[in-house]
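Participant: Here it is, the structure in full.
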Amino acid sequence: KLHVQSGYTVIFFKYLICKNTIYTFIVPFLISMLILCQPHLLLVSVEIFLQALEDGLKRADADPSVKAVMICGENGKFSAGADIKGFSSPKRRGIALGPIVSLIERSEKPVVAAIEGVALGGGLEVALGCHYRIAHVKARMGLPEVTIGLLPGAEGTQRLPRLVGVPAALDMITTGKVLCLVIPPKGVKICSLPDVDALFCNSIFLPPGQPLGPRRLSLKPVPKLPNMEAFLSEALVKVKKQAHGCLAPELCFQAVKAATEQPFADGVRREQELFNVLLTSGQAQALQYAFFAERAVQKWTTPSGASWKSASPQPIHKAAVIGLGTMGRGIVTSLVKAKIPVVALEQDLEYLNMGRKAVMFLLEREAMKMEQGAQTLDFHNPARLQFTVDFDVLRDVDLVIEAVFENMALKKEIFHKLSRICKPGAFLCTNTSALNINEIASATSRPQQVIGTHFFSPAHVMKLLEIIYGHHTSPTTIATAMQLAKVLKKVGVVVGNCFGFAGNRMMFPYAQQAVFLLEEGSRPEAVDQVIEDFGFRIGPFRMSDLAGLDVGWRSRKGQGLTGPSLPPGTPARQRHGHRYSPLPDLLCENGRFGQKTGKGWYQYEKAGGRTAKPDPWLHSFLSQYRDTHRIKTRFIDQEEILERCLFSLINEGFDILAEGIASGPEHLDVIYINGYGWPKHRGGPMFYASTVGLSRILAKLQKYSEAHPDVPGLQPSAFLKKLVAMGNPPLKEWMSYLSRPNNKL
Ligand code: 3H9
């Protein structure tokens, strides 16, 4: 009879004693190296953990009354793997988990891993060393080392292929995906842990005295494939293609390949060699920095002293989205996926019907990707998703996201209306990529509940949510928007209010340099190539063609930089005394809006086509343009392309930090990695700057600004100069060199 007590280990222990067939020796497992998911969980040193595990195993082996060992976690979690912080400490680098995993496997007594919650990285490798693995139906397992620039370094690359075969092991190890491996048998409801244990234990331990040899994974051969060589070479091509210059996936591949070619012990040696290459690589440091940066930005603060510690989010039971253009459609889809009931509103029935069709199409596609998706999302149910043209329907929503196009007058009109109609507690969010949050908030009677939520396209896919507080935005409103980001499975980053906020503001000088480089002699494909070789998913011109050149054109017309409002006599290549390139405007005047028109910086097979081909028309247009403006064409090398684009972006980042728009360099890095395709293995622009060296960046900016004195984006930031003068301090100290936070709000 199962005697249920409070703790999981106790339940298990009692169960086995009652059965009177076997005794358990429970190794108290989750200490240091095994980090649990909750912040309150204990972190103890790797040394203590490994020693405890080794001592426990030896004691169990020596004690004749112990018949079996079970390794489990506490508080519903097995293990999240090695302490990632430990990898940067040279002292801790030498400590090896692999030999302990081998020790587990060599044990003469059956060792069982009882997995609940997560078993990740080193945690799963421990489980692979056990003779049996039992798992809760909801347990999640994976080897995510690749995502922090490493490979499973405790023999996991050698044991996993022996357990699940090469294709599945390669997939797991080279992508780091976390899987729910246990599928409940047909007709079995998902049961609580004690039931599952009982179920599995019977089959594992009976009959007692089963030989352990066949249970030791290191002794098993790697399952053969009829076409292993061909399979591996195809897999390598795929891995390389998806890596975008990141080293870890390819080395993960090499380690698994070693398992297919060499005996276990040699494979382990190869794994170690490759692990050490990665461990000391800058990429691992960058990826581990990114892991912690993503968590650090959750702990937001503002220059006025508001912070995550004191602010509580309000629950969002129902939301509304205004405008069903590209952004609105994605936002509605995101909310439905997060199971938040949504009202979707458009200005008239024609737009509403178009929007409804598009949203349904996106949701059908998302549902197909999900297991039991359609039922779970239930988006045909009007209580979950309602379409309307009537603002009155918004009376009972807790939060509204306005996503109409970037027009201040229109946005203000909508906010004025919302302020009258929505219930007093409702939060009003504006999805804008640049407009002034304070001005939008001024149209309402509740500016404290107005906030910017800048989604990235496609909004149901992109992870970034830039959250912009205005002058009057309350801490509760910020906390609620951050909570919304979490519920939508996005990374929320809180920033201050300025034109373009943090992300786009840094993007302006980058995009500007890219166009200036064309004026001076380069070509779109040359610039894109350099940026993509650096690791960006897509270069600035391919990006511009994808997003549509008309978007920026409309904005520049609105700012009076081009079009009918441009004062007559304005020089073609100058605005407000600074260099300006009319090239993008000229392309638009020629009807070249990018992919949607089949022509932009590139040519496409047809309107809406995706394959960019260099366009001879554009090349001759560029040379005519240079002739007209008497620009001497020169060869521009890769170094100059990279430096002018990236260093001007970084330079703007320093200004943003100095102004208190972002509260730390990690914020800018998280924004760039999650919203702008910055290669994660380079840690984000500010981290990259720290690896290049601030003095070098400053020297280069000085050189380029001397050559282009009319380009403000190349004038080195005062904050950058200060940091260089202070001796190039490490990134985590940068903010301490700002005498006081100076918010421009
Ligand atoms: C490895 O195992 C190498 C092996 O091959 C052995 C080689 C010899 N280390 O994410 P959360 C912290 S490599 C240090 O917000 P969630 C995290 O920073 C490792 N800290 O919670 C945060 O701290 P704070 C392979 C860690 O519930 C707090 O815990 N393993 C670690 O959304 C809560 O985290 C991985 O890559 C860690 N390993 O998600 C797993 N894990 O509160 C990485 C967490 O101060 N971890 N923290 O900000 C994860 O994927 C998620 O954290 C997890 C929980 C799914 C576990």
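The values are calculated or read from the model by the stated rules, or taken from the named source; none is laboratory data. Predicted, not measured: the structure shown is a model, and the values here were computed from it. Backbone-built Cβ (ideal geometry, glycine too); neighbour counts: all protein chains shown. The area values use the complete protein model at the heavy-atom level, side chains included, leaving out ligands, DNA and RNA. Shrake-Rupley method; radii C 1.70, N 1.55, O 1.52, S 1.80 Å.
Participant: Return the total of residues in segment 516-546 being of a type in the set (Lys, Arg) and either crowded, with 18+ Cβ neighbours inside 10 Å or part of a helix (DSSP H, G or I) (or both).
Facilitator: Residues meeting the conditions: 2.
Residue-by-condition table, conditions (1) within 15 Å of the ligand (Cβ to nearest atom); (2) surrounded by fewer than 22 Cβ atoms within 10 Å (Cβ to Cβ):
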| residue | (1), (2) |
| --- | --- |
| Phe49 | yes, no |
| Asp55 | no, yes |
| Phe78 | yes, no |
| Gly86 | yes, yes |
| Arg106 | no, yes |
| Val118 | yes, no |
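Participant: So how many residues does segment 325-374 have that are closer than 22 Å to Asn407 by Cα and within 25 Å of the chain's Cα centre (by Cα)?
Facilitator: Matching residues across segment 325-374 total 8.
Participant: Which of the residues belonging to segment 446-466 are touching a Gly at 6+ places or on another chain (Cβ under 7 Å), under 19 Å from Ala662 (Cα atoms) and surrounded by fewer than 24 Cβ atoms within 10 Å (Cβ to Cβ)?
Facilitator: Result: Phe456, Leu464.
Participant: Here's a follow-up. Can you pull out every residue in segment 602-643 that is surrounded by 13 or more Cβ atoms within 10 Å (Cβ to Cβ), part of a loop (DSSP other than H, G, I, E, B) and of a type in the set (A, V, I, L, M, F, W, C)?
Facilitator: Scanning segment 602-643 gives Ala612, Ile631, Ile636.
Participant: Can you find a residue that is surrounded by fewer than 23 Cβ atoms within 10 Å (Cβ to Cβ), modelled with pLDDT under 95 and part of a loop (DSSP other than H, G, I, E, B) anywhere in segment 359-371?
Facilitator: Taking every residue of segment 359-371 in turn, at least one turns out to be surrounded by fewer than 23 Cβ atoms within 10 Å (Cβ to Cβ), modelled with pLDDT under 95 and part of a loop (DSSP other than H, G, I, E, B).
Participant: If a residue must be in a helix (DSSP H, G or I) and among the β-branched types (Val, Ile, Thr), how many such residues does segment 332-358 contain?
Facilitator: Keep residues of segment 332-358 that are in a helix (DSSP H, G or I), which gives 332-337, 349-358.
If we keep only those that are among the β-branched types (Val, Ile, Thr) too, we end up with 332-333, 336.
Qualifying residue count, segment 332-358: 3.
Participant: Output the residues belonging to segment 136-145 that are more than 9 Å from the ligand (Cβ to nearest atom) and touching a residue at least 60 places away in the same chain (Cβ under 8 Å).
Facilitator: His136, Ala139
Participant: Would you call Leu646 open to solvent by less than 50 Å² (accessible area, probe 1.4 Å), closer than 22 Å to Gln574 by Cβ and at pLDDT 95 or above?
Facilitator: no
Participant: Right, Arg270: assigned to a helix (DSSP H, G or I), within 13 Å of the ligand (Cβ to nearest atom) and at negative phi or not?
Facilitator: No; evaluated as a whole, the condition is false for this residue.
Participant: So Lys240 passes all but one of these: (1) assigned to a helix (DSSP H, G or I); (2) within 15 Å of the ligand (Cβ to nearest atom). Which condition number does it fail?
Facilitator: So the condition that Lys240 fails would be (2).
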